[in-house]
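Here is the structure we will look at.
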Amino acid sequence: MTQTQAPVVPGDRVSLSGAWSTPSTHKPTKRAGLPLGINIFLYLLPAFLLVTVFLAVPVLVVIALSGTDWAGIGIPQWVGAGNFVRLFSDPAFLKSLGNTLLWVLVGVFIHTPLCIIVALIVARKPRGWKIFRTVLFLPNIISATSLALLWYFVFHVSLGLINASLTLVGLESFTRNWLFDPSTALGVTMTPWVVYIGFGMVLFLTQISTIPQEYYEAAQLDGASNLRQDWSITIPLIRRAIALQVLFVVGYALRSFEYPFVMTSGGPADSSSTLSLYIYRQMLTANEYGMAMAAGVVTLIVGIVLTAGVFWVLRKAER
Amino acid sequence: MNRKATVALGATTALAIVLSGCSSAIPQGGGSGSATEIEILSNFTSDISRGKVLDELIEEFNDESDGKYKVVSKAQPDWPTLQQQIRSSISAGTTPDLFLYNYNPTDLSREESGELMDWSAYINEDPEWKARFKEDNLAALTTENQLAGIPGDQAPALFYYNKDLFAAAGVDQFPATWDEYLAAAEEIRKTGVAAISLMTADDSWHTMNALSYVATAKGGPDAYAPGADLDSAAIVAAADYTKQLLALSTPDAVGGNYSASTSNFLNGQSASIIDGPWLISSIQSTVPEPCSIGVAAAPGFNDGAIEPGYTVTDALNVWGAAKQSDPDKEKAVVAWMKFFTSNESASRMAVDGEYPMAVDTELSEADRGRASCQMAQVLDISNAAPTTIVQMGREITTGAQAKLPSLLESLALGQTSPADFASELQTANAE
């Protein structure tokens, strides 16, 4: 390939005597650079500013407002720990807290194992695995509100697919008001999240793909079954991905809002309410901004404790 | 600067000037440059009848003011969002020029924010205008001789019932007492139709209408007035009747929202509903024989606690305005409100907008002829009502309001007895 030279424009300062691309024979001058500490500071400054403005300050405001009585207008009145005392004597809050922790448990002990199992199957690349993987991941790119609405109609008492199907196969006695029966409402709002395993599955598949094939070949020579290989090679080697998934699950469970909001509004009688929904109600219905902030602080503390717990378990597993 | 750069700069400037002239979709009138502009924030979107009438009235007002004033409507269709938007704006010191908000005697944070305009001087200097409003409403909005707003609407919640479904169950006349209503409801249920549309989600509007009617029929107009003890015999009785009504409602009443409840009535899955006049436009557009839907005052009891024919209403919605530093803007706000609350505007809002306003409205014969079969009945019942009482959900504290869905659902599911319902409601209201 021939290299074309750019035309020389009058006025451009180009040495015509030397070759076009001849490197300078001058020794590189020693530039007086900024000290390393200042360099690091400058690199971190944008991120530090963003975190300060959009995370640290709002968190501090939430913590400050959690000790006030404020209706959203006027000057907040300082009530100290009063909001927290009220929170822990409010059955609706305790129910929401309990339900949120149940979301965490279901996420960790049902949703995550389901993701692992499907990832282990798909990693063996059975026939049609690519389609399977795509279909399972699809719900992750659809708005949760739309999906919640879809599931609302699946479980609806008179328009729902479940009751219609049960009636069709002669199991009419099993039909019920799934969304508003206190014994089923919470489970029903969790169902979509539990079964949408696409994200976790992809996370595990990515990690599984980094495991050297030799490990499996050696295990096969030793006569290890597929189950044994998964149990003794794959799962231990994806433990960091499992920890990451659990962190995601905890985060999502603490923020769980769309499914209970759209499907049951947290009812009946708060049986499917979550912390996020409780905070929403305190702010937008009761105009109790202080109480909402206090509930937010409790959510933050629960999140920190759970995250620390996950890291503690991970460190123990590493040893 | 070289020639090319100068030409480029000139061309860009010229393009910017041309484009800025095209940027507004609203035609700029010759005299509008000096007009004092005010913005109205409400839920009157242009796709609903009251929004259409508002737009027409605004256009007429702007024309009549001959370039002096320009009113612009900014509508937010979702009522709770609108209320939060107003609250946030007041809090941020950017109160809208004129806005529609729901008055709640237990939450005067907006009225006492110091950000609202005082209407008292304007209404006191015009006795004719003042006489158009109910004294009670003006008194409620007055704090320390300052009038925080102009009464906007106070929609009566009345029984809308499907005459054909009642007749199919052998009920030819709308029941006069709640016990007769329950008996009729049982007959209606036997025909495979729910007797009444109720819902417990959000503000439990339809269910709270029923509860409010029974409570006031049992305990009189002050059964749940601000400061009243809700742990009372009237509220216990009301909870008991409401529980029975919920059992006679559609299967999705517990947990259902306004939309589901209304659809059930409009689709003929339930025979009655207690709702505001905004339902009329849906009846007119959805029900095949719109005039088969009758309107009735709620049943009562024969114990004389309250005079029959009274109405329970939605909260008083109020037109509040921002405290203005510009006197011209304040004059514009007052001029618009006088125009908007005139008998002619109110009649058009009632007949064409299906939105009866909280002002004295006398319909002409022509207007009466144009009114839908339901609106004419609504106006007759409202005019004949000896008393109006605001619905309970609008009178209790916001904290108690937030607990209503849960309390009603517990009541419907048998987790809470009517007595416990009253007691828990009182506790929530007293917090």
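Quick notes on this one:
- Considering segment A:284-300, the residues that are without any contact (Cβ under 8 Å) to a residue 24 or more places away in the chain and outside any loop (DSSP other than H, G, I, E, B) include one that is nearest to residue B:203 (Cα to Cα), namely A:284.
- Scanning segment A:204-259 for residues that are touching a residue at least 60 places away in the same chain (Cβ under 8 Å), closer than 18 Å to residue A:125 by Cα and of a type in the set (D, E, K, R) yields one hit, A:230.
- Residues (of a type in the set (Val, Ile, Thr) and either facing another protein chain (nearest Cβ under 8 Å) or farther than 15 Å from residue B:232 by Cβ (or both)) located in segment B:374-417: B:378, B:381, B:387, B:388, B:389, B:390, B:397, B:398, B:416
- The condition of being at pLDDT 95 or above, out of contact with any strand residue (DSSP E or B) (no Cβ under 9 Å at 6 or more places or on another chain) and either within 14 Å of chain A (Cβ to nearest Cβ) or not in a loop (DSSP other than H, G, I, E, B) (or both) holds for only one of B:295, B:254, B:236, that being B:236.
- Residue in segment A:75-95 that is surrounded by fewer than 17 Cβ atoms within 10 Å (Cβ to Cβ) and polar (S, T, N, Q) present: yes
- Whichever residue in segment A:250-276 is hydrophobic (A, V, I, L, M, F, W, C) and crowded, with 24+ Cβ neighbours inside 10 Å and, among such residues, is farthest from residue B:259 (Cα to Cα): A:253
- Against the conditions (1) within 14 Å of another protein chain (Cβ to nearest Cβ); (2) in contact (Cβ under 8 Å) with a residue 60 or more places away in the chain, residue B:420 satisfies every one except (2).
- Failed condition for residue B:84, given (1) surrounded by fewer than 19 Cβ atoms within 10 Å (Cβ to Cβ); (2) under 19 Å from residue B:338 (Cβ atoms); (3) within 14 Å of another protein chain (Cβ to nearest Cβ): (2)
- Pair list, Cβ < 6 Å and 6+ apart or interchain, from segment B:172-194 residues that are of a type in the set (Val, Ile, Thr) to residues that are assigned to a helix (DSSP H, G or I): B:191/B:168; B:193/B:165
- Here residue B:242 does not fit the description of being among the β-branched types (Val, Ile, Thr), more than 17 Å from residue B:420 (Cβ to Cβ) and either crowded, with 21+ Cβ neighbours inside 10 Å or at pLDDT 95 or above (or both).
- Tabulated pairs, segment B:282-308, first within 19 Å of residue B:354 (Cβ to Cβ) and assigned by TED's automatic domain parsing to the domain that holds residue B:220, second surrounded by 16 or more Cβ atoms within 10 Å (Cβ to Cβ) and of a type in the set (D, E, K, R), C-beta under 7 angstrom, 6+ apart or interchain: B:292/B:163; B:294/B:163
- The numbered conditions (1) surrounded by fewer than 22 Cβ atoms within 10 Å (Cβ to Cβ); (2) within 14 Å of chain B (Cβ to nearest Cβ); (3) under 17 Å from residue A:105 (Cβ atoms) are all true for residue A:286 except (3).
- Filtered residue count, segment B:365-399, keeping only those that are part of a helix (DSSP H, G or I), in the same structural domain as residue B:291 (by TED's automatic domain parsing) and touching an Asp or Glu at 6+ places or on another chain (Cβ under 7 Å): 4
- Residue list for segment A:182-205, filter: within 14 Å of another protein chain (Cβ to nearest Cβ) and β-branched (Val, Ile, Thr): A:184, A:188, A:189
- Considering A:270, A:230, the condition of being acidic (Asp, Glu) and not in a helix (DSSP H, G or I) is satisfied by A:270 alone.
- Residue match in segment B:149-165 (condition: assigned to a loop (DSSP other than H, G, I, E, B) and exposed (fewer than 13 other Cβ atoms within 10 Å of the Cβ)): no
- Within segment B:378-398, the only residue that satisfies the criterion of being crowded, with 21+ Cβ neighbours inside 10 Å and more than 22 Å from residue B:198 (Cα to Cα) is B:379.
- Scanning segment B:91-108 turns up at least one residue that is surrounded by 14 or more Cβ atoms within 10 Å (Cβ to Cβ), among the acidic types (Asp, Glu) and within 11 Å of chain A (Cβ to nearest Cβ).
- Considering only residues in segment A:289-316 that are more than 14 Å from chain B (Cβ to nearest Cβ) and aromatic (Phe, Trp, Tyr), the one that is nearest to residue A:72 (Cα to Cα) turns out to be A:311.
- Residue B:114 meets the conditions (1) within 14 Å of chain A (Cβ to nearest Cβ); (2) surrounded by 15 or more Cβ atoms within 10 Å (Cβ to Cβ) in every case but one. The failed one is (2).
- Looking across segment B:121-141, the residues that are crowded, with 17+ Cβ neighbours inside 10 Å and not in a loop (DSSP other than H, G, I, E, B) come down to B:122, B:123, B:129, B:137, B:138, B:140.
- A single member of B:200, B:191 is more than 20 Å from the chain's Cα centre (by Cα) and not aliphatic (A, V, I, L, M), and it is B:191.
- Residues (assigned to a loop (DSSP other than H, G, I, E, B), small (Gly, Ala, Ser) and over 23 Å from residue B:183 (Cβ atoms)) located in segment B:300-332: B:315, B:325
- Counting the residues of segment B:166-207 that are in a helix (DSSP H, G or I) and within 14 Å of chain A (Cβ to nearest Cβ) gives 2.
- The set of residues in segment A:156-172 being farther than 20 Å from residue B:263 by Cα and either within 31 Å of the chain's Cα centre (by Cα) or not in a helix (DSSP H, G or I) (or both) consists of A:162, A:169, A:170, A:171.
- Test: residue in segment B:157-165 that is in contact with a Lys or Arg (Cβ under 8 Å, 6 or more places away or on another chain) and either away from chain A (no Cβ under 14 Å) or among the aliphatic types (A, V, I, L, M) (or both): no
- So residue B:349, is it touching a residue at least 60 places away in the same chain (Cβ under 8 Å), in contact with a strand residue (DSSP E or B) (Cβ under 7 Å, 6 or more places away or on another chain) and within 17 Å of residue B:53 (Cα to Cα): no
The values are calculated or read from the model by the stated rules, or taken from the named source; none is laboratory data. Because the structure is predicted, anything quoted here is derived from the model rather than measured. In this analysis, Cβ positions are derived from the backbone assuming ideal geometry, glycine residues included, and neighbour counts consider all displayed protein chains.
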